[in-house]
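**Student:** My structure is below; once you've seen it, I'll send some questions.
The values are calculated or read from the model by the stated rules, or taken from the named source; none is laboratory data. Computed from a prediction, not measured in an experiment: that's the story for all the values here. Reconstructed Cβ throughout: ideal geometry from the backbone, glycine too, with neighbour counts over all protein chains shown. Calculation scope for accessible area: heavy atoms of the full protein, side chains included, ligands and nucleic acids excluded. Shrake-Rupley method; radii C 1.70, N 1.55, O 1.52, S 1.80 Å.
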Amino acid sequence: MREIVMLAQFFGPGLVLLFALSQAFRDVYFAHVFQGVGVFAVILLAFSISTLIFGVVALVRAPAGLGAMRREWRVMLWMNATTALAWICYFSSLKHLQPSIVNTLHSGVGPLTVLVLSWLGLHIVKPSRVRAAEYFCYAGLAGSLAFLWWVVLAGHSGLRSESMLTSATGLVLLVVSGASITVSLLLSKRLNERGIGADAITAGRYLMIIAVALAVVLLDGTPSGIGSLNELGVLALAATVLIVLPLYSLQLGVANTAPLTAHVIRSLGPVFVFALEFADGRIGYSGFAFAGIALYSVFSIAANLVRGWGDAGAVSPVARPSATA
């Protein structure tokens, strides 16, 4: 009995760790795939499968949630738009930049976006409080992201860039992707607070990106890069294992894990990507990239520790920053 209780304690953190590791495999794998397969072909395949699976789950577990989403069509529209923008920008950057840097910049922009929205008085969900010490941590986090920008633009990353313009474009797209996915997650939290479950939200949030990807695949004259049914099957399996199932793993893991523990584990995600990306022969070791990623992880974990332990300093009410998915 005692062993069962101990296993139950590690169940939630284990799922969050599984999510973080799967995202490392996702980024490294698809960064390689995008060298020969169109980005929009992968988007269409991956998110169609996700929508189908979670749609069936929602119909079985909580069909009322799908009906409730119709009443929240404005929020759903904005959530779809920001989700589509985020993933298109993210995958486009992943095609041209070092995967670990892509993951770090995308994740790091999330908390900073929430802070900026709060300073502008834009509260998508009920604001919480950020302690004074957290602001120091977020300043360090912003500094680590700026350092990674320099690493890429100065040509010190582990992946040789096609051109300065390509690198700069990829970096700008990551700012857009990180900010967009953060707004999307805040909108999904608002829907959740209004009684709509995660299964229904996941089933409904990718409809716009599927439509956009389908239009591009049908109208674009260039080949998708998928040459056979066997390749299609491999990509479908990879999309399911690396994108669809981890989404469910994260939802279940967060529900069974202390928030501090979950955030700390997810903050290590870019480090996992860095460790795995050398399997791609295009990518070499970069001490500058590792330093920037390590700094990001340190400041991100520190911010979560400060949040968990409490702080005696002054506080101000803003929406709580969190890592992006």
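**Student:** Taking +1 at the Cβ of each Lys and Arg and -1 at the Cβ of each Asp and Glu, which of 119, 60, 108 sits farthest along the dipole of region 35-149 towards its positive end, judged by Cα position relative to the Cα centre?
**Tutor:** 60
**Student:** Send over a whole-number figure in Å² for the accessible area per residue of region 1-123, probe 1.4 Å.
**Tutor:** For region 1-123, the solvent-accessible area averages 46 Å² per residue.
**Student:** Can you give the direction-averaged projected area of the convex hull of the alpha-carbon atoms in the chain, in nm²?
**Tutor:** One quarter of the hull surface, i.e. the mean projection, equals 18.4 nm².
**Student:** Right, another one. How many nm is it between the label spots at residue 290 and residue 245, if each spot is 7 Å from the Cα in line with the beta carbon?
**Tutor:** 3.1
**Student:** Shifting gears a bit: Can you tell which of 148, 15, 229 shows the greatest fluctuation in a Gaussian network model of the chain with Cα springs below 10 Å?
**Tutor:** 229
**Student:** What distance in nm separates the simple spin-label points at residue 298 and residue 218, each placed 7 Å from Cα in the Cβ direction?
**Tutor:** Here the answer is 5.2 nm between the modelled labels.
**Student:** Tell me, what are the semi-axes, in whole angstrom and largest first, of the equivalent ellipsoid of region 81-234 as set by the roots of 5 times the Cα gyration tensor eigenvalues?
**Tutor:** In descending order, the three semi-axes are 29, 25, 12 Å.
**Student:** If you roll a 1.4 Å probe over region 93-206 with all protein chains in place, what percent of the accessible area is carbon or sulfur?
**Tutor:** Accessible surface attributable to carbon and sulfur in region 93-206 totals 65 percent.
**Student:** Also, I was wondering about something else. Can you give me the convex hull volume of the Cα atoms of region 129-172, divided per residue and expressed in Å³?
**Tutor:** 75
**Student:** Something else: What's the whole-number percent of alpha carbon pairs in region 1-117 lying beyond 18 angstrom?
**Tutor:** For region 1-117, the fraction of Cα-Cα distances above 18 Å is 68 percent.
**Student:** Let's see if you can work this out: charge +1 on each Lys and Arg Cβ, -1 on each Asp and Glu Cβ, no other charges. What is the dipole magnitude of the chain about its Cα centre, in debye to the nearest 20?
**Tutor:** Charge dipole, the chain, about its Cα centre: 840 debye, nearest 20.
**Student:** Could you work out which residue, out of 220, 199, 27, moves most in a Gaussian network model of the chain, that is, has the largest mean-square fluctuation with Cα springs under 10 Å?
**Tutor:** Of 220, 199, 27, the Gaussian network model singles out 220 as fluctuating most.
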